[in-house]
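Input: a single structure, listed below in structure tokens.
The values are calculated or read from the model by the stated rules, or taken from the named source; none is laboratory data. Computed from a predicted model, the values in this text were never measured in an experiment. Ideal geometry is used to build each Cβ from the backbone, glycine not excepted, and the neighbour counts take in all protein chains shown. Protein only, heavy atoms only, side chains kept; ligands, DNA and RNA dropped before computing areas. Shrake-Rupley method; radii C 1.70, N 1.55, O 1.52, S 1.80 Å.
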Amino acid sequence: MMNWLLAFHFVGLLVWLGGLMTLSRLLGHHVTLSSAEAREALIPFERKSYFMAILPGFLVALLTGLGMLFGKGMANYFAPGSAWGLTFHIKLTLVIALIVLDQVTAAKMRKVHKEDTGSRGTFMGLHGAVGLIMIIVIILVKTNILG
Ligand code: HEM
């Protein structure tokens, strides 16, 4: 059972974070287009990317993660001195940061769609921040370098 949860945890993460990184780049490109028609044409595509890929991907990653957390018992991950104590706390803090970046991207996307304004720099910053946090979390949990 835990192997299935872990497999779908990865599927969910791939769809969530991969989708978020693609969408932020696309929005960064969107706001630089000079043709209003070309900008308009991207709106349904961007909206579907968020609601039909990124959001379900996030829910799959979250539910499978919580399934493993409660399934194996929280003490395995959080107990002081447990092998995963510090790493797991840092991981979940970074997960909260990812959720904030996801919501900021969604809010800025709505603004681009409704008011036709946005900055390429902001979207590229969101793109880089998601990528960096993703790399840090994967290195932390797979190497356990913090002990
Ligand atoms: C959404 C909230 C999340 C929760 C509740 C959660 C929880 C968990 C749990 C309980 C495990 C099993 C660890 C084990 O027993 O070995 C796990 C594995 C893993 N998670 Fe998450 N996770 C979440 C998000 C993420 C994110 C955002 C990333 C990466 C960016 C990530 C990367 C991983 C990796 C790489 C593993 C495999 C660890 C291994 O194979 O040893 N998780 N997660």
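Using a 1.4 Å probe on the protein heavy atoms, what percent of the accessible area of segment 16-79 belongs to carbon and sulfur?
Answer for segment 16-79 is 68 percent, counting heavy atoms of protein chains only.
Which residue, M74, S49, T117, has the largest displacement toward the positive end of the dipole of the chain when charges sit on each Cβ (Lys, Arg +1; Asp, Glu -1)?
Result: M74.
With r as the distance between the Cβ atoms of A38 and L66 and R0 = 35 Å, compute the FRET efficiency 1/(1 + (r/R0)^6) and round to 0.05.
According to the calculation, E is roughly 0.30.
Rounding to the nearest 10 and keeping the result within 0 to 90°, find how far the Cα-based axis of helix 85-115 lies from the longest principal axis of the chain.
Once rounded, one gets 10 degrees.
Please work out how many pairs of lysine residues in the chain are eight or more positions apart (or on different chains) and have Cα atoms closer than 24 angstrom.
Within the chain, the lysine pair count is 6.
So, in nm, how far is label I136 from label A75 when the simple model puts each one 7 Å beyond its Cα toward the Cβ?
Computed distance between label sites I136 and A75 equals 3.1 nm.
Which order do the peptides 135-142, 19-26 come out in when sorted by mean C-beta neighbours inside 10 angstrom, highest first?
Packing order, densest peptide first, comes out as 19-26, 135-142.
Given axes a ≥ b ≥ c from the Cα gyration tensor, I'd like to know whether segment 2-143 is rounded (a/c under 1.5), prolate (a/b larger than b/c) or oblate.
Prolate shape, in that a/c is at least 1.5 and a/b is the bigger ratio.
Which FRET efficiency value, to the nearest 0.05, do you get for A97 and F45 by plugging their Cβ-Cβ distance into 1/(1 + (r/R0)^6) with R0 = 35 Å?
0.85
Only helical DSSP H runs with n ≥ 4 go in: add -39500 (n - 2.57) per run for the chain, normalise by residue count and round the 222 nm mean residue ellipticity to 500 deg cm²/dmol.
Taking each H run of at least 4 residues, the total per residue is -28000 deg cm²/dmol.
Rounded to whole Å, give me the distance from the Cα center of segment 45-70 to that of segment 83-114.
Spelled out, the Cα-based centre of one part sits 12 Å from the other.
Can you give the angle from 0 to 90° between the axis of helix 2-30 and the longest principal axis of the chain, with both taken from C-alpha atoms, to the nearest 10?
In the chain, helix 2-30 runs at an angle near 30 degrees to the longest axis.
Roll a 1.4 Å probe over the protein chains and send me the accessible area per residue for segment 2-143 in Å².
Normalised by residue count, the accessible surface of segment 2-143 is 57 Å².
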